Structures are given as C-alpha cells and as structure tokens.
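Asker: Dumping the structure here so I can ask a few things about it.
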Amino acid sequence: MKIAIVCYPTFGGSGVVATELGLELARRGHEVHFITYSQPVRLALLNANVHYHEVHVPEYPLFHYQPYELALSSKLVDMVKLYKIELLHVHYAIPHAYAGYMAKQMLKEEGIDLPMVTTLHGTDITLVGNHPFYKPAVTFSINKSDIVTSVSKSLKDETLKLFQIDNEIEVIPNFIELNKDIDSTSIPCYRSAMAKDNERVITHISNFRKVKRIPDVIKIFHKIQQQIPAKLMMVGDGPEKEKAEKLCRKLGISDQVIFFGNSNEIDRILSYSDLFLLPSETESFGLAALEAMALGVPVISSNSGGLPEVNFDGVSGYLSPVGDVPAMAENALKILRDDQVLATFKNKALETARQFDIQNILPLYEELYLRAISIYM
Ligand code: GMT
C-alpha cells in the first residue's frame, strides 16, 4: 500500500507512535510518506519505502497566525496526486483530522477518493480538543473520518463521553519494538556516569508539561533516597523543567538528580534504570511507561486514564491514585529494597511489555487500512 502519515514531528508520544508505525510498515514493504512540518525526531533513516515531505508555511505580515492547516491540506493534495497515495493516516486529531478532511474533499472534486484513518492519542481529546474553541471542529473531523482508532479503551470511553460521536471508535493499543539493538552511533552514555554501583537508578521521561505532575516525581524520589541510595534521571524538556530544578535545590537533592533534556539515548538510559516514575494527572496510554517496561524497568504510576491497561498493579509495577506521593514512594521502596524482588519485577515488566509487541499490533493496522480502502471500491 502507499500510505501517507501525518503527525507531529516532536518528541511527544503521538509522533513517536506514528513514526515507529510508519517505519515498520515500510519494513513490511509498504511505501510510507511522512507529511509534517519537520523531519520526525525518530525518523533517522529515509529509503526507497520511507519518504518525508515538509509542510512549509510562508510568513506573511498579514498573518497573525500562520495557516498551517491550509498548507498541510494543500501539501496532502499534491503528494497524493504525485505519489498515487492510497490511504491517509492522521495521528492526533488537532488539526490533522481537520486538514485531512479538507484534502479529501479537494481530491474528491478531482475524482480521487482518499480513505482517511484518524488515531486519537489523548490530549487531542482530554485537554485541548475538548476546549469549546475547538470542539465543533474536532467533533466534525472525527465523525467524518472513514475509520477512527484510539490508543486505549479509556480514551475511547472518554471521547464518547466528551463529544457527540456517531462514528465507531476501534481500540488499537500502542506498541513497542522488543529486543531492540541499543546501538548508538554517538558516544554512548555509561551507567557509571549516572550513578554509583550501590545506587538504584530511577528515571522519568516526558515533555515536562503540567499534566505529568513533575513535582510529584521529585517528591517521590525525595522520599526514596531517604531510605536507600539512589539517583534520579530526568529526561526531556518542557515548561515545568525549571520549577523542577528549583524544587530539587529546595529539597537539597540537586546532586542526586540529573536533568538530561531531550535525549536520543532514551533506550540506553532505560537499560540502566531500576524503576520508572509516571505519576501523571492523566495519560491516555503512557507510551513512556511501555518503553521502560520493554527494557525490563518496572513502573510506579498513577492509575488515571489508560495507565491500568499498560501497567499491571503488583506485576509490572504499582498504580496509585493521582497525587498520592506517600503510596507511590512506599511502592517504589517495596520494589527497590530487595535485589530478588527487583529482579522479579524487572522480568514481569518485560513479560507484560511483550503483549504490546509491534509484530502483534501492526497487522491490526494493515487490516484496518485494507478495510478503509475497500469503502471506496
Ligand atoms: O501529552 C503528551 O504526553 C504527548 C501526547 C502526544 O501527543 O504525543 O501523548 C499522548 O499520546 C501518547 C501516544 O499515544 C500516549 O502514550 C500518552 O499517554 C498521551 N498523553 C496524554 O494522554 C497526556
């Protein structure tokens, strides 16, 4: 199949899922065209089956806001015609489903039917999409998509609760490539650069937005390090980072917390980690938790949104109510205190991650694409 994928090119989960999906589709012989405003961060490699087309929005003094949707839908029309693309898969409803629908309508005028699959990822529904300023357009574009998927059952339920949806929503969970070769062309970071041998390595990875409850991450770690030697790896960047550094200074733990910023060494850092913290306010799925589990790292998370569908309580880690820092710290210590217990949780985390192996999930998308194409046959 010739497939166009529209996504955010940044470190966010939806862009990562879209990129990994496209790369695996290409490995399976499909021709994949990524269409977005810059090359997706995980898209290191372009080849005969992997193409990237940049959406350029020229500046003009009259525009207070650059009309990205307009440029995206025009680019989609041009690329579909040029490469004879058979299907469009948009990740994150805003504004991708809206721009995709416009492209579809323009192509229809020229006698071309373009099936469109929309995947809902989370904040496009729970935080941003639900805002009255966007709601009518988001509802419209979900209802006009040929097939809609959500990354968890929780997100599906939330979408049906918040929007007037008359379209079916199918759940296809996010996935992970297991047994990845953690090879790096750059100089790799070593465990010894992160922690001493007797210290446990605890990690948090996110975009440091409010929804991630970064202060809870620091407070949980603060309690853990009072009981056992440990270091905290804070990976990622975003609006809450500066406040987090301040809180570490206030709690007197700055020398035990390393802030990495955005990193391409995520797998390596995780492979040295003993525990992953994800106390988010809400999380439609929690891809970062799955990435940790796939490298044998147990997860301490909140129990909100889709997290219970990924992190199994008492098996791959523990779940607690949002904001319950004492419970999260206590559960973390239950895992970390004893080498044998830690080893068991590590094994179970990896075993749980296997359920989300890309090799099991990808055929679900292939089947769905064929179904979308058949609508217009
Ligand atoms: O808000 C984020 O964390 C980023 C956001 C995105 O657009 O990438 O993540 C959402 O999509 C991910 C991939 O499906 C999910 O794993 C995250 O749980 C979800 N984030 C939230 O629901 C807060």
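The values are calculated or read from the model by the stated rules, or taken from the named source; none is laboratory data. Remember, predicted model here, so these are calculated numbers, not experimental data. Every residue, glycine among them, receives a Cβ derived from its backbone with ideal geometry; neighbour counts consider all protein chains shown. Only protein heavy atoms, including side chains, enter the accessible area calculation; ligands, DNA and RNA are left aside. Shrake-Rupley method; radii C 1.70, N 1.55, O 1.52, S 1.80 Å.
Asker: For the range 184-356, what is the charge dipole size about the Cα centre, in debye to the nearest 20, if Lys and Arg each add +1 at the Cβ and Asp and Glu each add -1 at the Cβ?
Answerer: Computed charge dipole of the range 184-356: roughly 380 debye.
Asker: Top mean-square fluctuation among A292, A97, A71, Gaussian network model of the chain, C-alpha springs under 10 Å?
Answerer: Highest fluctuation among the options: A71.
Asker: With charges only on Cβ, +1 for K and R and -1 for D and E, what is the dipole size of the chain about its Cα centre, in debye, rounded to 20?
Answerer: About 760 debye.
Asker: Can you compute the helix-only [θ] at 222 nm over the chain? Use -39500 (n - 2.57) per DSSP H run of at least 4 residues, normalise by all residues, nearest 500 deg cm²/dmol.
Answerer: -13000 deg cm²/dmol
Asker: Could I ask something else about it? Calculate I(q)/I(0) for the range 184-356 by the Debye formula, one identical point scatterer on each C-alpha and no solvent, and give its log10 at q = 0.12, 0.13, 0.18 Å⁻¹ to two decimals.
Answerer: With one equal scatterer per Cα and no solvent, log10 I(q)/I(0) is -0.46, -0.55, -1.14.
Asker: Within the range 241-377, what whole-number % of the accessible surface is contributed by carbon and sulfur, with the 1.4 Å probe and all protein chains included in the calculation?
Answerer: For the range 241-377, the apolar C and S fraction of the accessible surface comes to 51 percent.
Asker: For the range 184-356, with the dipole built from +1 on Lys and Arg beta-carbon atoms and -1 on Asp and Glu ones, taken about the Cα centre, which of I253, L295, V217 lies farthest toward the positive end?
Answerer: Checking the options against the dipole of the range 184-356, the answer is I253.
Asker: Report the residue, chosen from P95, P67, P173, that carries the largest GNM mean-square fluctuation when the chain is represented by alpha-carbon nodes joined by springs under 10 Å.
Answerer: Comparing P95, P67, P173 in a Gaussian network model of the chain, the most mobile one is P67.
Asker: Related question: Ignoring everything but the protein chains, give the 1.4 Å probe accessible area of M102 in square angstrom, nearest 10.
Answerer: 80 Å²
Asker: Put H91, H56, H222, H64 in order of accessible area, largest first, 1.4 Å probe: what do you get?
Answerer: H64, H56, H222, H91
Asker: Which chymotrypsin sites (Phe, Trp or Tyr not before Pro) in the range 51-157 pass both tests, a DSSP loop state and at most 14 other beta-carbon atoms within 10 Å?
Answerer: F63, Y65, F133
Asker: I need to check one value: relative contact order of the chain, counting alpha carbon pairs closer than 8 Å and at least 6 residues apart, in percent.
Answerer: The normalised contact order for the chain reaches 13 percent.
Asker: Among bridges DSSP assigns within the chain, what percent are antiparallel (round to 5)?
Answerer: Antiparallel bridges make up about 5 percent of those DSSP assigns within the chain.
Asker: Pull up the DSSP beta bridges for the range 184-356 and report the antiparallel fraction as a percent, rounded to 5.
Answerer: 5 percent
Asker: How far is the Cα center of the range 225-246 from the Cα center of the range 325-377, in Å?
Answerer: The range 225-246 and the range 325-377 have Cα centres spaced 24 Å from each other.
Asker: Something else now. Per residue, how many Å² of accessible area does the chain show with a 1.4 Å probe?
Answerer: For the chain, the per-residue accessible area is 44 Å².
Asker: Also, quick follow-up: What number, in percent, do you get for the relative contact order of the range 184-356 if the mean sequence gap of Cα pairs under 8 Å and at least 6 apart is divided by its residue count?
Answerer: 22 percent
Asker: With springs only between Cα atoms under 10 Å, which of N174, N143, N360 fluctuates most in a Gaussian network model of the chain?
Answerer: It is N360.
Asker: A further question on this structure: For the range 42-89, which trypsin sites (Lys or Arg not before Pro) are both in a DSSP coil and crowded by at most 13 other Cβ atoms within 10 Å?
Answerer: K84
Asker: Stokes-Einstein at 20 °C, 1.002 mPa s, Kirkwood radius from Cα pairs: D for the chain in µm² s⁻¹?
Answerer: The calculation lands on 99 µm²/s.
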